[in-house]
Structure formats: C-alpha cells, structure tokens
Amino acid sequence: MSGHTEMTLVNEDGVRIDGRTADQHRPVHIEAGVLSNADGSAYLEIGKNKVLAAVYGPRECHPRHLQDPTKAIIQCKYNMQSFSVSDRKRPGPDRRSIEISKIIAEALERVVLTELYPRASIDVYIEILQANAGTRCAGLTAAAVALADAGIPMRDLVPSIAVGKADGHVLLDLNKEEDNYGEADVPVGIMPSTDEIVLLQMDGDMTREEFDTAIDMAFEACHELCDIQKAALKKRYDTGAVREGSE
Ligand code: CDP
C-alpha cells in the first residue's frame with residue numbers, strides 16, 4: 001500500500017491490468033469435499049489465488065485449558081506455503097499468519113452453532129498454495145464451505161472478498177499489483193442472509209464516499225460468491241446421490 005505509483009493500474013477507459021472493470025471480481029472456482037481424510041474440505045481459486053481448506057471436528061479440544069464449558073471453540077491455522085509467492089516465503093507462522101488465523105476464526109465463530117458442542121474444538125486449516133492478494137478472503141470463503149461440507153450446523157455461509165482503491169479508482173477484488181501499489185485494501189466478509197459483517201479490515205485511506213461505494217461493491221460480490229459456495233456444496237451432494245443410486 002504505497003499510496004502512489006509510477007505504474008498505471010487503471011487505464012483511461014477504466015480497464016485494469018488484468019482486463020477487468022472496476023466492479024468485476026476475478027474468476028472463481030470452488031469445489032467441496034476434496035480431501036477424504038478431513039471431516040470437511042474445500043478447494044477454491046479466485047484469479048491466481050489457490051486455497052485449500054480442511055475442517056476437523058467437532059472433536060476433543062487440545063490443549064485442554066482452551067476448552068469452554070459453554071461452547072465449542074474454533075481454532076484456525078492460516079498458512080502460506082513457501083512456494084505460494086514469487087519470493088520464497090520463510091516457512092512457519094509469522095505475525096501476519098497469526099493475525100489472519102485470528103480474524104478468520106472470529107468471523108467463523110459468528111456463523112457456527114458452537115453452543116451445540118461444549119468443550120469441543122472445531123479445527124480449520126487453510127493452506128495458501130498460490131497467492132495473488134486477497135488470500136485471507138479466499139481462505140475464509142473456502143473455510144465456510146469446508147465447515148458446511150463437514151456437516152457442522154451453521155447459521156449461514158460466509159463469503160468474503162476485498163475491495164479497495166488504486167490509481168484513484170474504487171476497485172473490487174484487488175490483484176497483487178493493485179494491492180501492492182494501490183491506495184487502500186478493505187477485506188470484507190458477511191453473513192449473506194442478514195447482511196451482517198463478520199470481517200472488516202482496512203489498510204490505506206479513502207474518502208467516506210469511496211468507502212460507501214466500495215462496501216456496496218463488496219456486498220454485491222459476496223452475494224454472488226455465496227451462490228458459488230452453495231453451488232459447490234450442491235454439486236458435491238448431487239454427485240453423491242447419483243453415485244449411490246447407480247451402485
Ligand atoms: O492475501 P491478503 O491480501 O489477504 O493479505 P496481504 O497481507 O494484504 O498480502 C497481499 C499479498 O501479498 C498476498 O496475497 C501475497 O500475494 C503477497 N505476499 C507475499 O508475496 N509474501 C508474503 N510474505 C506475504 C504476502
């Protein structure tokens with residue numbers, strides 16, 4: 001988020017370096033149930049981002065001192081693989097991944113009916129296989145599908161996408177160049193049935209008016225993303241039904 005750049009990120013016709021208009025997100029693909037040893041899983045691509053989410057639980061909570069007698073806790077590990085970025089990332093947790101794990105767990109706590117599973121833990125693993133900005137949103141979107149795939153009771157799904165500003169334009173779903181050289185990055189996650197916000201962060205600066213425009217864009221995109229999440233879950237369920245019937 002340098003705030004100014006020599007690079008042109010949006011041309012005179014309002015077209016971005018990857019050919020999108022301001023309010024277009026990158027192509028999204030979601031597949032549910034991709035790992036057989038996890039209770040639930042999902043694979044998600046948004047543009048060049050590639051993300052895998054695996055869910056285990058509800059299961060006994062370790063370490064035990066974290067147990068809550070009133071509800072399950074959600075433990076999330078967001079991990080960026082060394083090979084996911086162009087400069088090899090040092091393996092293991094760092095401040096950034098600890099922060100992202102925390103905000104994703106907090107977002108998911110809003111939708112999971114944790115009160116049904118006192119003392120238990122629901123463990124969510126997010127692996128970033130390829131990164132191109134917006135990985136926390138991609139991770140959260142994938143994790144919500146993985147939780148649903150695990151059959152864990154939820155109030156809603158959580159779609160998540162970033163909005164921001166680059167070259168003076170409010171943009172949906174920033175890519176890496178727009179994130180690096182742009183003026184603002186605002187990851188948003190919502191519960192689509194009530195439009196409650198479960199994740200909202202902001203890096204950089206924009207005017208109140210720009211922020212309102214950006215949030216409207218994010219909500220519209222989140223509703224679209226939610227349809228893709230649902231379609232992925234439905235596809236998994238439908239395929240299962242056909243297989244069973246044909247055996
Ligand atoms: O991925 P997200 O936008 O949620 O988080 P960020 O901290 O704003 O990082 C933006 C992007 O910078 C990532 O998606 C990666 O493409 C890149 N990055 C990197 O190349 N090396 C890192 N150690 C961290 C981030």
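Rule-based calculations on the coordinates, nothing more; no lab input. Nothing here was measured: the structure is a model prediction, and the numbers come from that model. Every residue, glycine as well, gets a Cβ built from its backbone with ideal geometry; the counts of neighbours run over all protein chains shown.
Some observations on this one:
- Residues (crowded, with 16+ Cβ neighbours inside 10 Å and more than 13 Å from I126 (Cα to Cα)) located in the range 46-60: I46, G47, G57, P58
- If the condition is being in contact with a helix residue (DSSP H, G or I) (Cβ under 8 Å, 6 or more places away or on another chain) and either closer than 16 Å to P187 by Cβ or outside any helix (DSSP H, G or I) (or both), then the range 207-235 contributes only L225.
- Contact map, the range 110-124: first residue touching a residue at least 12 places away in the same chain (Cβ under 8 Å), second residue surrounded by fewer than 20 Cβ atoms within 10 Å (Cβ to Cβ) and aromatic (F, W, Y), Cβ cut-off under 9 Å, separation 6 or more or different chains; pairs are S121/Y56; I122/Y56; D123/Y56; V124/Y56.
- Inter-residue pairs, beta-carbon under 8 Å, first on the phi > 0 side of the Ramachandran plot and in the range 188-213, second outside any strand (DSSP E or B), 6+ apart: D195/F219; G204/M1; G204/G3; G204/G182; G204/E183
- Residue check, G134 under 18 Å from the mean Cα position of the chain (by Cα), away from the ligand (no atom under 16 Å from the Cβ) and of a type in the set (G, A, S): no
- Y56 more than 11 Å from the ligand (Cβ to nearest atom) and among the aromatic types (F, W, Y): yes
- Count of the range 73-131 residues which are in contact with a helix residue (DSSP H, G or I) (Cβ under 7 Å, 6 or more places away or on another chain), in a helix (DSSP H, G or I) and either within 9 Å of the ligand (Cβ to nearest atom) or more than 17 Å from L147 (Cα to Cα) (or both): 1
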